[in-house]
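The values are calculated or read from the model by the stated rules, or taken from the named source; none is laboratory data. Computed from a predicted model, the values in this text were never measured in an experiment. Heads up, the Cβs are rebuilt from the backbone with ideal geometry, glycines too, and the neighbour counts pull from every protein chain shown.
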Amino acid sequence: MKWSLFLGSGILSAMAIAGCGMSGRISAQPSGKGTSHPALSSASPSSHVPPVKVTASSSHSPSLSVSSPHNETTSSTSAQQVARISLSASPNPIVVNQNTVISGNVYLANGKGVPNAEMSILGLPNDPSGKIFYTNKFGEFSFDVQWATPGTYTVSVGNGLVAWQTRVRVTPDAPSSSGSPSVANNPSSPWDSIELQALQYLSPRTELPLGAPAELPNLPSSSGYLAAQAQASSTAWVVHLLETTRRYDVNKPQIPQHLIDAPQTYAAAIASFGVTHLAGTIPSSGNPQLPLFLWQEGLVASGMGPNALGPLTLSGPESQVINLGYGITGTLYKQNSYYSNLVWHEGEWTFVVMNTSKQQAVSIAQPVVVYLHTAYLPPHPGLVAINIGVHGAYTHLDWIANRMLYHINNDTIALQNNAVGACQLAVSWHSYSGAN
(Lines give C-alpha, C1' and ligand atoms only; values in the text may rest on other atoms or scores of the structure.)
Protein backbone atom coordinates (compact mmCIF):
# COMPACT_ATOMS: atom_id res chain seq x y z
CA MET A 1 0.00 0.00 0.00
CA LYS A 2 1.31 3.42 -0.78
CA TRP A 3 0.86 5.93 1.98
CA SER A 4 1.09 9.68 2.19
CA LEU A 5 2.46 10.74 5.57
CA PHE A 6 2.45 14.15 7.19
CA LEU A 7 4.91 14.79 10.01
CA GLY A 8 4.61 17.75 12.33
CA SER A 9 5.86 18.25 15.88
CA GLY A 10 6.72 14.57 16.10
CA ILE A 11 3.18 13.48 15.22
CA LEU A 12 2.76 11.11 12.31
CA SER A 13 -0.55 10.70 10.52
CA ALA A 14 -1.21 8.47 7.54
CA MET A 15 -3.75 8.38 4.79
CA ALA A 16 -4.03 5.54 2.27
CA ILE A 17 -4.09 6.88 -1.27
CA ALA A 18 -3.93 3.81 -3.46
CA GLY A 19 -4.84 0.14 -3.41
CA CYS A 20 -4.55 -2.56 -0.80
CA GLY A 21 -1.33 -4.47 -0.59
CA MET A 22 1.35 -6.38 1.20
CA SER A 23 2.48 -5.62 4.69
CA GLY A 24 6.01 -5.10 3.52
CA ARG A 25 7.15 -7.74 5.98
CA ILE A 26 10.47 -8.36 4.26
CA SER A 27 12.55 -10.55 6.52
CA ALA A 28 15.20 -8.73 8.52
CA GLN A 29 17.60 -11.61 8.00
CA PRO A 30 18.21 -12.82 4.44
CA SER A 31 16.37 -16.05 3.80
CA GLY A 32 19.12 -17.19 1.48
CA LYS A 33 22.85 -16.56 1.77
CA GLY A 34 22.97 -12.87 1.04
CA THR A 35 25.83 -11.06 2.76
CA SER A 36 25.14 -7.46 1.87
CA HIS A 37 24.08 -6.44 5.38
CA PRO A 38 24.78 -7.85 8.85
CA ALA A 39 21.91 -9.85 10.30
CA LEU A 40 19.74 -8.19 12.91
CA SER A 41 19.53 -10.07 16.19
CA SER A 42 16.15 -10.63 17.74
CA ALA A 43 17.75 -10.96 21.16
CA SER A 44 19.37 -7.56 21.07
CA PRO A 45 19.85 -5.01 18.30
CA SER A 46 23.07 -5.09 16.27
CA SER A 47 25.73 -2.72 17.51
CA HIS A 48 25.16 -0.79 14.30
CA VAL A 49 21.44 -0.38 14.96
CA PRO A 50 20.14 2.51 17.07
CA PRO A 51 18.94 0.75 20.24
CA VAL A 52 15.24 1.50 20.52
CA LYS A 53 13.42 -0.73 22.97
CA VAL A 54 9.71 -0.82 23.80
CA THR A 55 8.46 -3.09 26.55
CA ALA A 56 5.11 -3.50 28.23
CA SER A 57 5.30 -3.60 32.01
CA SER A 58 2.98 -5.58 34.22
CA SER A 59 0.86 -2.45 34.58
CA HIS A 60 0.38 -2.40 30.80
CA SER A 61 2.22 0.91 30.56
CA PRO A 62 5.25 0.43 28.29
CA SER A 63 8.49 2.29 28.78
CA LEU A 64 10.34 3.68 25.78
CA SER A 65 13.91 4.80 25.30
CA VAL A 66 15.30 6.14 22.03
CA SER A 67 18.94 6.60 21.11
CA SER A 68 20.27 8.39 18.06
CA PRO A 69 23.11 6.91 15.99
CA HIS A 70 26.52 7.40 17.52
CA ASN A 71 27.84 10.86 16.55
CA GLU A 72 25.29 11.02 13.74
CA THR A 73 22.32 13.23 14.49
CA THR A 74 21.32 14.41 11.04
CA SER A 75 20.17 12.59 7.95
CA SER A 76 22.76 12.37 5.17
CA THR A 77 20.07 11.78 2.54
CA SER A 78 17.11 13.99 1.73
CA ALA A 79 13.62 12.56 2.10
CA GLN A 80 13.09 12.84 -1.64
CA GLN A 81 15.88 10.31 -2.29
CA VAL A 82 14.31 7.50 -0.25
CA ALA A 83 12.73 5.09 -2.74
CA ARG A 84 11.46 2.18 -0.64
CA ILE A 85 11.04 0.96 2.91
CA SER A 86 10.88 -2.66 4.06
CA LEU A 87 9.31 -3.56 7.37
CA SER A 88 8.80 -6.82 9.24
CA ALA A 89 7.78 -8.22 12.61
CA SER A 90 9.41 -11.43 13.79
CA PRO A 91 8.05 -13.55 15.33
CA ASN A 92 4.51 -12.83 14.22
CA PRO A 93 1.89 -13.73 15.50
CA ILE A 94 2.88 -13.49 19.17
CA VAL A 95 1.14 -13.98 22.51
CA VAL A 96 0.66 -11.16 25.01
CA ASN A 97 3.90 -9.95 26.63
CA GLN A 98 5.99 -11.92 24.13
CA ASN A 99 8.89 -10.06 22.56
CA THR A 100 8.87 -9.37 18.81
CA VAL A 101 11.34 -7.41 16.72
CA ILE A 102 10.09 -4.70 14.37
CA SER A 103 12.88 -4.23 11.86
CA GLY A 104 13.51 -3.14 8.31
CA ASN A 105 15.54 -1.19 5.80
CA VAL A 106 15.34 2.15 4.03
CA TYR A 107 16.49 2.01 0.39
CA LEU A 108 17.63 4.34 -2.35
CA ALA A 109 16.38 3.79 -5.90
CA ASN A 110 19.59 1.84 -6.69
CA GLY A 111 18.82 -0.62 -3.90
CA LYS A 112 21.45 0.61 -1.45
CA GLY A 113 20.54 1.31 2.16
CA VAL A 114 20.11 4.93 3.25
CA PRO A 115 22.46 5.72 6.16
CA ASN A 116 21.32 7.99 9.01
CA ALA A 117 17.91 8.58 7.46
CA GLU A 118 15.50 10.47 9.71
CA MET A 119 12.31 8.41 9.92
CA SER A 120 9.19 8.23 12.06
CA ILE A 121 7.43 5.18 13.46
CA LEU A 122 3.79 5.04 14.48
CA GLY A 123 1.90 2.25 16.22
CA LEU A 124 4.22 1.13 19.00
CA PRO A 125 2.49 0.18 22.27
CA ASN A 126 0.92 3.15 24.07
CA ASP A 127 2.68 5.60 21.75
CA PRO A 128 0.01 7.28 19.60
CA SER A 129 2.14 10.33 18.82
CA GLY A 130 4.89 8.35 17.10
CA LYS A 131 8.66 8.60 17.45
CA ILE A 132 11.52 9.91 15.30
CA PHE A 133 14.54 7.65 14.81
CA TYR A 134 17.57 7.32 12.52
CA THR A 135 18.74 4.34 10.47
CA ASN A 136 22.22 2.94 10.99
CA LYS A 137 24.98 3.24 8.39
CA PHE A 138 23.50 0.33 6.42
CA GLY A 139 20.01 1.85 6.29
CA GLU A 140 18.66 -0.60 8.91
CA PHE A 141 16.54 -0.13 12.01
CA SER A 142 15.27 -2.40 14.78
CA PHE A 143 12.84 -2.16 17.71
CA ASP A 144 12.08 -4.67 20.47
CA VAL A 145 8.35 -4.59 21.24
CA GLN A 146 5.80 -6.28 23.49
CA TRP A 147 2.04 -5.84 23.61
CA ALA A 148 0.07 -6.50 26.79
CA THR A 149 -3.37 -6.75 25.17
CA PRO A 150 -4.56 -9.16 22.43
CA GLY A 151 -5.43 -7.63 19.08
CA THR A 152 -4.07 -6.76 15.65
CA TYR A 153 -1.73 -3.77 15.64
CA THR A 154 -0.53 -1.74 12.65
CA VAL A 155 3.00 -0.31 12.76
CA SER A 156 3.98 2.28 10.13
CA VAL A 157 7.38 3.72 9.21
CA GLY A 158 7.81 6.72 6.93
CA ASN A 159 9.57 10.00 6.22
CA GLY A 160 6.74 12.23 4.97
CA LEU A 161 6.99 11.06 1.34
CA VAL A 162 7.48 7.29 1.46
CA ALA A 163 6.04 4.87 4.02
CA TRP A 164 5.30 1.25 4.69
CA GLN A 165 3.39 -0.71 7.28
CA THR A 166 3.10 -4.13 8.84
CA ARG A 167 0.59 -5.71 11.16
CA VAL A 168 1.32 -7.68 14.33
CA ARG A 169 -1.21 -10.17 15.65
CA VAL A 170 -1.20 -10.59 19.41
CA THR A 171 -3.15 -13.57 20.73
CA PRO A 172 -4.13 -14.53 24.30
CA ASP A 173 -1.80 -16.94 26.05
CA ALA A 174 -4.54 -19.58 26.17
CA PRO A 175 -5.99 -22.35 23.94
CA SER A 176 -8.33 -21.16 21.19
CA SER A 177 -12.04 -21.43 21.93
CA SER A 178 -12.54 -23.81 19.03
CA GLY A 179 -10.00 -26.29 20.39
CA SER A 180 -8.03 -26.02 17.15
CA PRO A 181 -4.26 -25.66 17.36
CA SER A 182 -2.87 -22.16 17.16
CA VAL A 183 0.54 -20.59 16.87
CA ALA A 184 0.23 -19.41 20.45
CA ASN A 185 0.15 -23.06 21.51
CA ASN A 186 2.81 -24.07 18.97
CA PRO A 187 5.62 -21.55 19.58
CA SER A 188 7.99 -23.40 17.23
CA SER A 189 5.60 -23.16 14.30
CA PRO A 190 6.64 -20.62 11.65
CA TRP A 191 3.08 -20.28 10.32
CA ASP A 192 -0.03 -18.33 11.09
CA SER A 193 -2.48 -20.42 13.12
CA ILE A 194 -4.94 -20.77 10.22
CA GLU A 195 -2.14 -22.06 7.96
CA LEU A 196 -1.18 -24.62 10.58
CA GLN A 197 -4.80 -25.76 10.78
CA ALA A 198 -4.87 -26.13 7.00
CA LEU A 199 -1.68 -28.19 6.97
CA GLN A 200 -2.99 -30.43 9.74
CA TYR A 201 -6.21 -30.90 7.77
CA LEU A 202 -4.29 -31.85 4.62
CA SER A 203 -1.75 -34.17 6.25
CA PRO A 204 -3.93 -37.33 6.45
CA ARG A 205 -5.52 -36.63 3.07
CA THR A 206 -2.50 -36.56 0.76
CA GLU A 207 0.93 -38.12 0.46
CA LEU A 208 2.34 -35.15 -1.46
CA PRO A 209 4.89 -32.91 0.29
CA LEU A 210 3.24 -30.22 2.41
CA GLY A 211 4.40 -26.70 3.22
CA ALA A 212 3.33 -23.09 3.47
CA PRO A 213 4.82 -19.58 3.50
CA ALA A 214 5.70 -18.12 6.88
CA GLU A 215 5.23 -14.53 5.68
CA LEU A 216 1.74 -13.52 4.55
CA PRO A 217 0.19 -10.40 3.03
CA ASN A 218 -1.55 -7.93 5.29
CA LEU A 219 -5.31 -8.14 5.29
CA PRO A 220 -6.87 -5.16 3.50
CA SER A 221 -9.08 -4.44 6.50
CA SER A 222 -7.55 -3.76 9.91
CA SER A 223 -10.50 -5.56 11.52
CA GLY A 224 -10.51 -8.60 9.22
CA TYR A 225 -9.69 -12.23 9.98
CA LEU A 226 -7.77 -14.80 7.96
CA ALA A 227 -9.73 -17.89 6.87
CA ALA A 228 -8.72 -20.85 4.73
CA GLN A 229 -10.23 -23.36 2.34
CA ALA A 230 -8.07 -26.48 1.91
CA GLN A 231 -8.58 -29.24 -0.66
CA ALA A 232 -6.58 -32.41 -1.29
CA SER A 233 -6.46 -35.45 -3.55
CA SER A 234 -3.91 -38.12 -4.37
CA THR A 235 -2.28 -35.88 -6.99
CA ALA A 236 -2.74 -32.32 -5.69
CA TRP A 237 -3.57 -30.06 -2.79
CA VAL A 238 -4.29 -26.35 -2.57
CA VAL A 239 -5.01 -23.77 0.15
CA HIS A 240 -6.92 -20.53 -0.52
CA LEU A 241 -6.53 -17.80 2.10
CA LEU A 242 -9.44 -15.36 2.40
CA GLU A 243 -10.32 -12.34 4.46
CA THR A 244 -13.50 -12.67 6.53
CA THR A 245 -15.31 -10.43 8.99
CA ARG A 246 -15.19 -13.00 11.78
CA ARG A 247 -12.98 -15.91 12.80
CA TYR A 248 -13.54 -19.29 11.10
CA ASP A 249 -11.68 -22.58 11.35
CA VAL A 250 -10.49 -24.26 8.15
CA ASN A 251 -13.25 -25.31 5.71
CA LYS A 252 -16.05 -24.18 7.98
CA PRO A 253 -19.33 -24.41 6.04
CA GLN A 254 -20.38 -21.09 7.58
CA ILE A 255 -17.81 -19.22 5.44
CA PRO A 256 -19.93 -17.23 2.95
CA GLN A 257 -19.93 -18.69 -0.54
CA HIS A 258 -18.98 -15.41 -2.17
CA LEU A 259 -15.74 -15.47 -0.15
CA ILE A 260 -14.98 -19.02 -1.26
CA ASP A 261 -15.39 -17.81 -4.86
CA ALA A 262 -13.06 -14.87 -4.20
CA PRO A 263 -10.14 -16.16 -6.34
CA GLN A 264 -12.38 -15.52 -9.35
CA THR A 265 -13.69 -12.16 -8.14
CA TYR A 266 -10.74 -10.70 -6.18
CA ALA A 267 -13.34 -9.84 -3.52
CA ALA A 268 -11.62 -11.22 -0.43
CA ALA A 269 -8.76 -13.32 -1.78
CA ILE A 270 -5.43 -12.92 0.02
CA ALA A 271 -3.20 -15.68 -1.38
CA SER A 272 -3.21 -19.29 -2.48
CA PHE A 273 -0.56 -21.99 -2.58
CA GLY A 274 -0.32 -25.69 -3.26
CA VAL A 275 1.48 -28.65 -4.81
CA THR A 276 0.55 -30.78 -7.85
CA HIS A 277 2.24 -33.98 -9.02
CA LEU A 278 3.23 -33.77 -12.71
CA ALA A 279 2.78 -37.05 -14.54
CA GLY A 280 3.66 -36.05 -18.10
CA THR A 281 6.76 -34.75 -19.87
CA ILE A 282 8.43 -31.79 -18.19
CA PRO A 283 10.73 -29.45 -20.18
CA SER A 284 14.25 -29.48 -18.79
CA SER A 285 15.82 -26.55 -16.98
CA GLY A 286 17.04 -24.01 -19.53
CA ASN A 287 14.51 -25.11 -22.14
CA PRO A 288 12.73 -21.95 -23.40
CA GLN A 289 9.44 -23.87 -23.21
CA LEU A 290 9.76 -24.38 -19.45
CA PRO A 291 8.38 -20.94 -18.42
CA LEU A 292 5.39 -21.44 -20.73
CA PHE A 293 4.84 -24.89 -19.25
CA LEU A 294 5.00 -23.51 -15.71
CA TRP A 295 2.59 -20.71 -16.60
CA GLN A 296 -0.14 -23.00 -17.90
CA GLU A 297 0.30 -25.84 -15.41
CA GLY A 298 0.47 -23.43 -12.50
CA LEU A 299 -2.74 -21.64 -13.45
CA VAL A 300 -4.52 -24.97 -13.83
CA ALA A 301 -3.20 -26.18 -10.46
CA SER A 302 -4.38 -23.01 -8.72
CA GLY A 303 -7.88 -23.50 -10.14
CA MET A 304 -7.88 -20.61 -12.60
CA GLY A 305 -7.49 -22.41 -15.92
CA PRO A 306 -4.64 -22.21 -18.46
CA ASN A 307 -5.95 -19.11 -20.22
CA ALA A 308 -7.27 -17.19 -17.24
CA LEU A 309 -4.64 -14.45 -17.51
CA GLY A 310 -3.92 -14.67 -21.23
CA PRO A 311 -0.82 -16.00 -22.97
CA LEU A 312 2.68 -15.64 -21.55
CA THR A 313 4.85 -13.78 -24.09
CA LEU A 314 8.63 -13.74 -23.59
CA SER A 315 9.63 -12.14 -26.89
CA GLY A 316 8.51 -9.46 -29.33
CA PRO A 317 9.30 -7.66 -32.59
CA GLU A 318 11.14 -4.82 -30.83
CA SER A 319 13.41 -5.10 -27.80
CA GLN A 320 15.41 -2.88 -25.48
CA VAL A 321 17.93 -3.85 -22.79
CA ILE A 322 17.10 -2.41 -19.36
CA ASN A 323 19.50 -2.17 -16.40
CA LEU A 324 17.63 -3.32 -13.29
CA GLY A 325 20.53 -2.99 -10.84
CA TYR A 326 22.86 -5.41 -9.03
CA GLY A 327 24.20 -6.66 -12.36
CA ILE A 328 20.75 -7.79 -13.53
CA THR A 329 19.60 -6.75 -16.99
CA GLY A 330 16.18 -7.27 -18.49
CA THR A 331 14.79 -7.11 -22.00
CA LEU A 332 11.74 -5.00 -22.75
CA TYR A 333 9.69 -6.50 -25.59
CA LYS A 334 7.16 -4.21 -27.20
CA GLN A 335 3.83 -5.96 -27.69
CA ASN A 336 1.86 -3.14 -29.28
CA SER A 337 1.69 0.66 -29.26
CA TYR A 338 0.56 0.66 -25.61
CA TYR A 339 2.02 -2.33 -23.79
CA SER A 340 5.34 -4.10 -23.36
CA ASN A 341 6.63 -7.13 -21.43
CA LEU A 342 9.81 -6.92 -19.37
CA VAL A 343 11.71 -10.22 -19.05
CA TRP A 344 14.80 -11.06 -17.00
CA HIS A 345 16.49 -14.10 -15.49
CA GLU A 346 18.14 -14.85 -12.16
CA GLY A 347 19.66 -18.32 -11.93
CA GLU A 348 17.07 -20.89 -13.01
CA TRP A 349 14.22 -18.41 -12.50
CA THR A 350 12.47 -16.43 -15.22
CA PHE A 351 10.71 -13.16 -14.39
CA VAL A 352 8.23 -11.27 -16.54
CA VAL A 353 6.19 -8.09 -15.99
CA MET A 354 3.30 -8.26 -18.46
CA ASN A 355 0.99 -5.80 -20.20
CA THR A 356 2.31 -2.46 -19.04
CA SER A 357 4.42 0.55 -19.98
CA LYS A 358 8.20 0.66 -19.83
CA GLN A 359 8.20 3.03 -16.88
CA GLN A 360 5.76 0.97 -14.87
CA ALA A 361 7.46 -2.32 -15.73
CA VAL A 362 10.81 -1.02 -14.48
CA SER A 363 9.25 0.45 -11.31
CA ILE A 364 7.77 -2.98 -10.52
CA ALA A 365 10.85 -5.01 -11.48
CA GLN A 366 13.49 -3.04 -9.58
CA PRO A 367 12.08 -3.67 -6.07
CA VAL A 368 11.99 -7.40 -6.91
CA VAL A 369 15.67 -7.30 -7.88
CA VAL A 370 16.50 -5.36 -4.70
CA TYR A 371 14.62 -7.84 -2.50
CA LEU A 372 16.19 -10.91 -4.13
CA HIS A 373 19.66 -9.46 -3.67
CA THR A 374 19.51 -10.63 -0.04
CA ALA A 375 16.66 -13.18 -0.13
CA TYR A 376 16.67 -16.42 -2.09
CA LEU A 377 13.87 -18.15 -3.95
CA PRO A 378 13.75 -21.97 -3.81
CA PRO A 379 16.78 -23.43 -5.67
CA HIS A 380 14.76 -24.97 -8.50
CA PRO A 381 13.62 -23.91 -11.99
CA GLY A 382 10.84 -21.39 -11.56
CA LEU A 383 8.72 -18.58 -12.96
CA VAL A 384 7.52 -15.27 -11.50
CA ALA A 385 4.86 -13.72 -13.76
CA ILE A 386 3.46 -10.30 -12.84
CA ASN A 387 0.32 -9.54 -14.79
CA ILE A 388 -0.89 -5.91 -14.78
CA GLY A 389 -4.65 -5.62 -15.06
CA VAL A 390 -7.39 -3.09 -14.55
CA HIS A 391 -7.47 -3.57 -10.78
CA GLY A 392 -3.72 -3.72 -10.20
CA ALA A 393 -1.00 -6.35 -10.25
CA TYR A 394 -1.49 -10.11 -9.93
CA THR A 395 1.61 -12.25 -9.40
CA HIS A 396 1.74 -15.97 -10.12
CA LEU A 397 4.81 -17.96 -9.04
CA ASP A 398 5.73 -21.60 -9.78
CA TRP A 399 8.70 -23.89 -9.34
CA ILE A 400 9.38 -27.59 -9.99
CA ALA A 401 11.16 -29.98 -7.64
CA ASN A 402 11.12 -33.79 -8.06
CA ARG A 403 8.13 -33.74 -10.44
CA MET A 404 6.21 -31.63 -7.96
CA LEU A 405 4.82 -28.30 -9.14
CA TYR A 406 4.72 -25.75 -6.33
CA HIS A 407 2.48 -22.77 -7.07
CA ILE A 408 1.76 -19.50 -5.25
CA ASN A 409 -0.61 -16.65 -6.09
CA ASN A 410 -0.51 -13.28 -4.40
CA ASP A 411 -4.13 -12.19 -4.70
CA THR A 412 -3.77 -8.81 -2.99
CA ILE A 413 -3.84 -6.47 -5.95
CA ALA A 414 -1.75 -3.47 -4.92
CA LEU A 415 0.21 -2.44 -7.98
CA GLN A 416 3.71 -1.71 -6.69
CA ASN A 417 4.11 -4.32 -3.97
CA ASN A 418 2.34 -7.39 -5.25
CA ALA A 419 5.40 -8.89 -6.95
CA VAL A 420 7.75 -8.49 -3.98
CA GLY A 421 5.00 -9.94 -1.80
CA ALA A 422 4.68 -13.04 -3.98
CA CYS A 423 8.44 -13.58 -3.88
CA GLN A 424 8.30 -13.14 -0.13
CA LEU A 425 5.74 -15.95 0.10
CA ALA A 426 8.11 -18.29 -1.77
CA VAL A 427 11.24 -17.19 0.09
CA SER A 428 9.56 -17.88 3.42
CA TRP A 429 8.26 -21.33 2.37
CA HIS A 430 8.66 -23.94 5.10
CA SER A 431 8.06 -27.67 4.67
CA TYR A 432 5.58 -29.37 6.99
CA SER A 433 6.46 -32.77 8.45
CA GLY A 434 3.45 -33.36 10.68
CA ALA A 435 5.55 -32.71 13.77
CA ASN A 436 5.73 -28.92 13.33
| remark: Condition set more than 17 Å from the chain's Cα centre (by Cα) and at positive phi, scope region 364-418, selection surrounded by the fewest Cβ atoms within 10 Å (Cβ to Cβ): answer is ASN402
| field | Pairs where the first residue, in region 86-106, is in contact (Cβ under 8 Å) with a residue 24 or more places away in the chain and within 24 Å of ASN116 (Cβ to Cβ) and the second is part of a strand (DSSP E or B) and among the basic types (Lys, Arg), C-beta under 7 Å, 6+ apart | value | LEU87/ARG25; SER88/ARG25; ALA89/ARG25
| said: Going residue by residue through region 386-395, is there one that turns out to be under 25 Å from PHE293 (Cβ atoms), in contact with a Leu (Cβ under 8 Å, 6 or more places away or on another chain) and at pLDDT 90 or above? | reply: no
| note | The one condition ALA414 fails out of (1) at pLDDT 90 or above; (2) farther than 21 Å from VAL343 by Cβ is (1)
| message | Condition first: out of contact with any Gly (no Cβ under 9 Å at 6 or more places or on another chain) and either free of Cβ contacts under 8 Å to residues at least 12 places away in the same chain or of a type in the set (Phe, Trp, Tyr) (or both). Now tell me which residues in region 132-156 satisfy that. | response | PHE133, TYR134, PHE143, TRP147
| Matching residues, region 313-356, being assigned to a loop (DSSP other than H, G, I, E, B) and either modelled with pLDDT of 90 or more or surrounded by 22 or more Cβ atoms within 10 Å (Cβ to Cβ) (or both) | GLY327, GLY347, GLU348
| If you scan region 133-151, which residues turn out to be of a type in the set (Val, Ile, Thr) and over 25 Å from the mean Cα position of the chain (by Cα)? | THR149
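Out of everything in region 133-183 that is on the phi > 0 side of the Ramachandran plot and in contact with a strand residue (DSSP E or B) (Cβ under 8 Å, 6 or more places away or on another chain), what residue ends up being modelled with the highest pLDDT?
In the first step, residues of region 133-183 are kept if they are on the phi > 0 side of the Ramachandran plot; the result is 139, 151, 160, 179.
After this cut, where a residue has to be in contact with a strand residue (DSSP E or B) (Cβ under 8 Å, 6 or more places away or on another chain) as well, the list is 139, 151, 160.
On the way: GLY139: 88, GLY151: 76, GLY160: 79.
The selected residue is GLY139.
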| remark: Scanning region 113-132 residue by residue, those assigned to a loop (DSSP other than H, G, I, E, B) and under 22 Å from the mean Cα position of the chain (by Cα) turn out to be VAL114, GLY123, LEU124
| request: Within region 328-355, track down each residue that is touching a Leu at 6+ places or on another chain (Cβ under 8 Å) and β-branched (Val, Ile, Thr). | output: THR331, VAL343, THR350, VAL352, VAL353
| field | Matching residues in region 91-105 - criterion: being part of a strand (DSSP E or B), farther than 30 Å from ASN323 by Cβ and either modelled with pLDDT of 85 or more or in contact with a Gly (Cβ under 9 Å, 6 or more places away or on another chain) (or both) | value | THR100, VAL101, ILE102
| query | in a loop (DSSP other than H, G, I, E, B), within 18 Å of VAL420 (Cα to Cα) and out of contact with any strand residue (DSSP E or B) (no Cβ under 7 Å at 6 or more places or on another chain), is that true of TYR371? | reply | no
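From the list LEU108, LEU87, pick out the single residue that is modelled with pLDDT of 80 or more, under 23 Å from GLY325 (Cα atoms) and surrounded by fewer than 20 Cβ atoms within 10 Å (Cβ to Cβ).
Working: LEU87 fails: surrounded by fewer than 20 Cβ atoms within 10 Å (Cβ to Cβ).
Every option except LEU108 fails the conditions.
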